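We did not get these values from a lab; they are worked out from the coordinates using the rules stated. The model shown is predicted, which means the values in this text are computed figures rather than measured ones. Cβ: placed from backbone, ideal geometry, glycine included. Neighbour counts: every protein chain shown.
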Amino acid sequence: MIAQPPPPPRVVVYEGSGPVLPDAADRGRLYAALLDRGYAVTRSGGGAAAALDGDTLLVIGSFAGSPPDVADPTGRVSVIVRDVGGLSVAEVLAVVEAARGERRMNRPHDPATAAAGPAANTADTWKPWFPVIDLARCTNCMQCLSFCLFDVYGVGADSTLRVENPANCKVNCPACSRVCPEVAIMFPKYHAGPIDGSPVADADVHREKMKVDISALLGGDIYAKLRERSADAKTRFSRERSAEQALSERRRCLTKLADAAQIPREVLDALPSPEEILRRTEAAAARAAAAQAAIGAAAGAAGGST
Amino acid sequence: MSDAPIVPAKTVPLKTVPPTTVPPHAADADGPAAVRILYCRCAYAQVVPQEVKEDVLAGLAAAGRGFEMVPDLCEMAARRDPHMAGLARGEGPLRIVACWPRAVRGLFALADAPLPEAGVEILNMRTDPAAAVLAAAVAGPQAGVASPGAAS
């Protein structure tokens, strides 16, 4: 799991005292450059900037050499003011970066190096890849919770499905969306619909349902297969005698599943041992069953009270 | 849904900044009142056409009105950023310039900040041309893009 850095400081481009850059195209380039570096930006023509306790606002503007003294009266919001009048886009960026100092923040990948993908995914360059639930479609069947090996899913206080640990998700892996019978799981950064969040057609539902039965894809019950693998594990791994052989065996066994569910090879390589997979799937299945029992009990109580 | 408390927003008074000369562009032509605009850059992926993102942002920058920009709504949702609740519960209509409406609503729900059914318009830069998105973003409160990518 990646421990996410704190949110970035927000840059407030204050233009009530004149434009930060005289040319509108340059202002657009400045906004784009700030966003591409991970900053949130507010363009303000005056008035006030909304802020929450703990926020850091970096106010930039053209102040004719006399930046004002702006402060949150309660002291709960940090406000830094910089005069950027007369500077170029690159110079304004440099001022913002200098004002940020050593404060950590998540950074988007440089598009030029984005092809590095998951290998370059670190605490400070985390690609936000995780499932998003379409609550209008989700029936709380908990198949996704049972399927995920990385504790991405959880159960809320109302016993319904919840994406609990987004940062646990394996980047570029959409496998859990394939087990959802209602096409309710989206990955907004996926390249194609309906997983990307585009409207779901009837044909999509039928197509996705054909992929639901992962056990069928494996030629039998997935849990039985895992138990079988677990029972055979000692014999097999003692026979293999090397990590390289073990990795080769793991790849061979999971290739069929990877192709069917579009699981990146990096994810397969990161999977735990068959025994650990079995332990996690059984724990997840127990949580799912408990949640469904709670939902059923609540529905029964509601029905009985009417 | 979580029982997370609503974090009250406060405002930092920027009017304490002494006004100097205010060129015409800088006057907040915020149009038919308090329509809030949120632009998502989708900076962590390349699923929104680059030229659409650039053209829409350039148009908003030239429009001379206040608006909010975020690097990536997905990244904010993963952090359950409390600013999303502020956006969802704030006063006035909200226009979100981002991607598929189903995904955007899901992201706000994930962040414990579900968007209201009314008063929110989601404009889709993944599918719609920049000119149409921009026109809808800065139009009067009742206007919108008539396309499958836009939904309220």
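Observations on the structure shown:
- Ordered by the count of other Cβ atoms within 10 Å of each Cβ, fewest first, A:ARG27, A:ARG207 give A:ARG207, A:ARG27.
- Exposure proxy ranking, count of Cβ atoms within 10 Å, fewest first, for A:SER273, A:SER17, A:SER146: A:SER273, A:SER146, A:SER17
- Loop-located GluC sites (Glu not before Pro) in the range B:44-111, at most 13 other Cβ atoms within 10 Å (DSSP): B:GLU91
- Taking label positions 7 Å along the Cα-Cβ direction at both A:ALA201 and A:ARG280, the computed distance is 3.5 nm, reported to one decimal.
- Among A:279-285, A:173-179, A:127-133, A:52-58, sorting by the average number of other beta carbon atoms lying within 10 angstrom of each residue, highest first, gives A:127-133, A:173-179, A:52-58, A:279-285.
- Rounded Å value of the spacing that divides the Cα centres of the range B:66-143 and the range A:1-76: 20 Å
- Charged-residue dipole, Cβ positions (Lys, Arg, Asp, Glu), the range A:10-100 about Cα centre, Debye nearest 20: 140 debye
- Fewest-first sequence of A:ILE277, A:ILE60 by Cβ atoms within 10 Å of each Cβ: A:ILE277, A:ILE60
- With R₀ fixed at 41 Å, the C-beta to C-beta distance from A:ALA33 to A:GLU266 puts the FRET efficiency at about 0.85.
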